[in-house]
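Presented below is the structure to which this report refers.
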Amino acid sequence: MGISTALVTGPTAGIGRSFAHQLAGRGHDLVLVARDAERLEAEAANLRRRHGVEVEVLVADLADRAQLATVESRLADPDRPVDLLVNNAGFGLKGRFLDNDVEDEQAMLDVLVVAVMRLSHAALSAMSQRGRGGVINVSSVAAFLPRGTYSAAKSWVNSFGEWAAQEYRADGITVTTLCPGFTRTEFHERMEVGRDSAPAFLWLDADELVRQALKDHDAGKVLSVPGAQYKVVAGVTRVVPTRLLQKFQSLGRR
């Protein structure tokens with residue numbers, strides 16, 4: 001039985017928006033989760049019009065535990081099964097650790113780690129009972145690099161995803177961790193970071209990387225690293241000492 005309904009967090013821009021449109025293009029109904037109600041409703045209407053699929057919207061700030069719980073409940077609902085969870089929502093902070101307000105650091109951790117853990121728990125519980133399903137966790141190549149709490153959070157996502165992929169494969173569930181690099185989206189604009197903050201060859205196209213991610217997920221791959229340049233980066237980080245890698249932590253923050 002193919003996937004019929006996908007839940008995507010952060011679907012109003014960038015990678016999340018591309019996931020929503022490509023999944024709708026495959027004929028999947030959608031549940032969209034974001035905190036901006038106006039943008040969420042506009043995107044839902046666009047998807048219904050362009051792809052003719054059913055689109056449900058859930059307005060929720062994933063850094064708020066009560067609002068996060070509503071999304072968990074939706075994933076756990078046995079009468080309206082979600083067959084694919086795309087944990088995409090996230091944001092970064094431009095400053096270094098001590099330059100950021102600790103509450104902003106906490107909010108980022110809540111979205112990048114706590115929300116991913118709790119939504120995955122809800123989804124995997126329901127999928128295990130049904131004997132099928134999938135999870136795509138959007139991590140980052142930053143997970144392989146020493147770049148403060150953002151990288152630490154994404155390292156957790158990688159570790160969790162690789163474990164979950166093996167743990168639940170026998171239950172008919174595919175878990176793929178997507179590790180994109182610099183991507184032309186609103187992510188860096190919200191951080192007030194320019195496109196000249198990293199060399200041009202490092203920037204990826206969101207639609208192309210999502211196509212690759214879905215292809216890798218279909219193939220049952222545990223890790224998806226789009227772009228030859230980032231496959232090299234991921235490999236190099238395994239042999240270069242941390243103290244040398246740390247010299248590049250300002251890349252993409254200017």
Quiz item: If you take the residues of segment 130-184 that are of a type in the set (Lys, Arg) and assigned to a loop (DSSP other than H, G, I, E, B), which of them is surrounded by the most Cβ atoms within 10 Å (Cβ to Cβ)?
Solution: ARG147
Quiz prompt | Single residue of LEU85, LEU47, LEU93 found to be part of a helix (DSSP H, G or I) and crowded, with 18+ Cβ neighbours inside 10 Å | solution = LEU47
Exercise. Identify the residue in segment 29-44 that is in a helix (DSSP H, G or I) and under 15 Å from GLN67 (Cβ atoms) and, among all such residues, is least open to solvent (accessible area, probe 1.4 Å).
Key: LEU40
Quiz item: When both residues are 6+ apart or on different chains and their Cβ atoms are under 8 Å apart, which pairs have a first residue that lies in segment 156-173 and is over 14 Å from VAL116 (Cβ atoms), and a second that is of a type in the set (Ser, Thr, Tyr) and surrounded by fewer than 18 Cβ atoms within 10 Å (Cβ to Cβ)?
Solution: TYR168/SER128; ASP171/SER128; ILE173/SER128
Self-check item: One residue from ALA122, ALA89, ALA115 being within 22 Å of HIS217 (Cβ to Cβ) and without any contact (Cβ under 8 Å) to a residue 60 or more places away in the chain
Solution: ALA122
Exercise. Take ASP110 and decide whether it is over 21 Å from TYR230 (Cα atoms), open to solvent by 10 Å² or more (accessible area, probe 1.4 Å) and at pLDDT below 95.
Key: no
Practice problem: Give the residue that is farthest from TYR150 (Cα to Cα), with candidates limited to residues of segment 213-247 that are modelled with pLDDT under 55 and open to solvent by 60 Å² or more (accessible area, probe 1.4 Å). | Solution: VAL239
Quiz item: Of all residues in segment 50-72 being assigned to a helix (DSSP H, G or I) and among the small types (Gly, Ala, Ser), which is nearest to GLN22 (Cα to Cα)?
Solution: ALA69
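The values are calculated or read from the model by the stated rules, or taken from the named source; none is laboratory data. None of these values were measured; they are calculated from a predicted model. FYI the Cβ positions are ideal-geometry reconstructions off the backbone, even for glycines, and counts take in every protein chain you see. Ligands, DNA and RNA are excluded from the accessible area calculation, which covers all protein heavy atoms including side chains. Shrake-Rupley method; radii C 1.70, N 1.55, O 1.52, S 1.80 Å.
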